[in-house]
1. How do 319, 406 rank when sorted from fewest to most other Cβ atoms within 10 Å of their own Cβ?
2. Give the Debye-formula value of log10 I(q)/I(0) at each listed q (0.12, 0.13, 0.14, 0.15 Å⁻¹), with one equal scatterer per alpha carbon of the chain, two decimals each.
3. Please work out the FRET efficiency for the pair residue 156 and residue 292, using the Cβ-Cβ distance as r and a Förster radius of 25 Å; give the result to the nearest 0.05.
4. Would you calculate a helix-derived [θ] at 222 nm for the chain, using -39,500 (n - 2.57) for each DSSP H run of n ≥ 4 and dividing by the full residue count, to the nearest 500?
5. Considering only DSSP beta bridges whose two residues both sit in the chain, what percent are antiparallel, to the nearest 5?
6. May I ask you to evaluate 6.51 cos²θ - 1.76 cosθ + 1.60, the Karplus curve with θ = phi - 60°, for each residue of segment 281-295 and list the ³J(HN,Hα) values in order in whole Hz, giving x for glycine and proline?
7. Amide H neighbours of residue 30 under 5 Å, counting only residues 5+ apart in sequence or on other chains, H built in-plane at 1.01 Å?
8. For segment 45-278, what D do you get in µm² per second when you plug the Kirkwood radius from alpha-carbon pairs into Stokes-Einstein at 37 °C and 0.692 mPa s?
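Just so you know, all these numbers are worked out from the coordinates, no wet-lab data involved. It should be emphasised that the depicted structure is a prediction, and the values quoted were computed from it without experimental measurement. Note that we place each Cβ from the backbone using ideal geometry, even for glycine, and neighbour counts take in every protein chain shown.
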Amino acid sequence: MIPFLDQLQQSDPEVLSLLESEENRQRLGVELIPSENYTYPEVLALLGSVFTNKYSEGYPGKRYYGGQEFTDLIENLARERACKVSRAEHANVQPLSGSPMNQAVYLGLLEPGDTILAMDLSHGGHLTHGAPVSHMGRLFRFERYTTNPEDGSFDFDAIRHTAQQTRPKLILCGYTSYPRDLDYAAFKAIADEVGALTMCDASHYAGMVAGNVLANPLDFGFDVMTTTSHKSLRGPRGGMVLCTKEHAAKIDKSVFPGLQGGPHMNAIAGIAFAMGQALTSEFKEYAAKILANAKAMAQAFLDKGASLVTGGTDNHMLVLDTEKSYGINGKIAEELLDGIGITTNKQILPDDPNPPLRPSGIRMGTPAATTRGMGETDMARLVDWMDQALRAPQHEGLRTILREHVETLCSEYPVPGIGS
Ligand SMILES: *Cc1c(COP(=O)(O)O)cnc(C)c1O
């Protein structure tokens, strides 16, 4: 247990008992939500460290409070390592999470009312890419492009046509639910033709980019890459903006004082550590294993006759069409899998006729299970159990048995940061 946590036994047993219940939930179940991961024990400790006490408005060397000798050093370390990991000229590590990180880019580089060309939500774009329910949809005019769900390909002629018609100031790619890599050169060529900036939101898969198993948009001349630090990168919850020198001053001003106050220095200390890890050869092996596990899981589903959006995966995630495969919607599938201790999440599919709260599929990913040390044979076993559970929604007794299999598997793979 983290130092001092045992004091909760005396000071607040109610909070302690909830923490222990969550630890057990994480220990006894398999986490397949593709945006989740288990952070490093060192990051858990740094998040609980005295860096949380410090106010550090401003940037290293230019702060609005005294006492910044060590916060300056830790933030500089985080920035330098983030630049190395992503091959960026500039890094801002202060965004409090992924959503404010994207807002800071739009507000820093564009004017309200400007047009942004982004991926359609049902095809895999994120809420902050202009969903009507997001405030960003009120501030900027979003235009959309889609994919071919059969193979995941983009129709770049159609995207070029839309760009010429709508004259976006920014072309945005990146996704929250899309199982293939992106053709950054094609996006960049269109942006150059219409004079638009290029931005990639690599929140889900920046760890795969760091590990060189997916392409890096900055290698193709993109202006900006954003990423959360807590998904495939395994860091604390936070966001980073990685960009060229040209945009550095605007981005920094936009994050602070434009959008935020004091940065969370405990999270920045955790980002410094996670970026250090991302530079190691072990991390590159980890990224390769995430991919191998996702491919093994996809193949196992295909062998069962199930239907995957785009027919497979080239990254850390797969999108299962539960309606086509099992005749049930994603909400029911998510609940059935919860019942056997496997956590997934319901997912709207391209041009989904069903509403978002009971869409036609689920999304699964391998970063968390891979962190635990699970491998390709484990992926095949998990798919076998998931397939059985999804085929027999009425069979509660079967779910009890499958849940025991899942717990036995989990007992072989401890969760980093949780004692057994
Ligand atoms: C997760 C995610 C975000 C938002 O991150 P939060 O930390 O949840 O605010 C933004 N963009 C993409 C593509 C994401 O996957």
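1. Values: 319 29, 406 21.
Listed from fewest to most nearby Cβ atoms, that is 406, 319.
2. Log10 of I(q)/I(0), two decimals: -1.01, -1.17, -1.32, -1.45.
3. On the way: r = 30 Å, r/R0 = 1.18.
FRET efficiency, residue 156 to residue 292: 0.25.
4. -13500 deg cm²/dmol
5. Working: 21 of 38 bridges.
Just about 55 percent of them are antiparallel.
6. The phi angles translate into 5, 4, 5, 5, 5, 4, 4, 5, 6, 4, 5, 4, 5, 5, 5 Hz.
7. Amide H neighbours of residue 30, under 5 Å, 5+ apart: 342, 343.
8. Working: Rh = 17.9 Å.
Here the translational diffusion coefficient equals 184 µm²/s.
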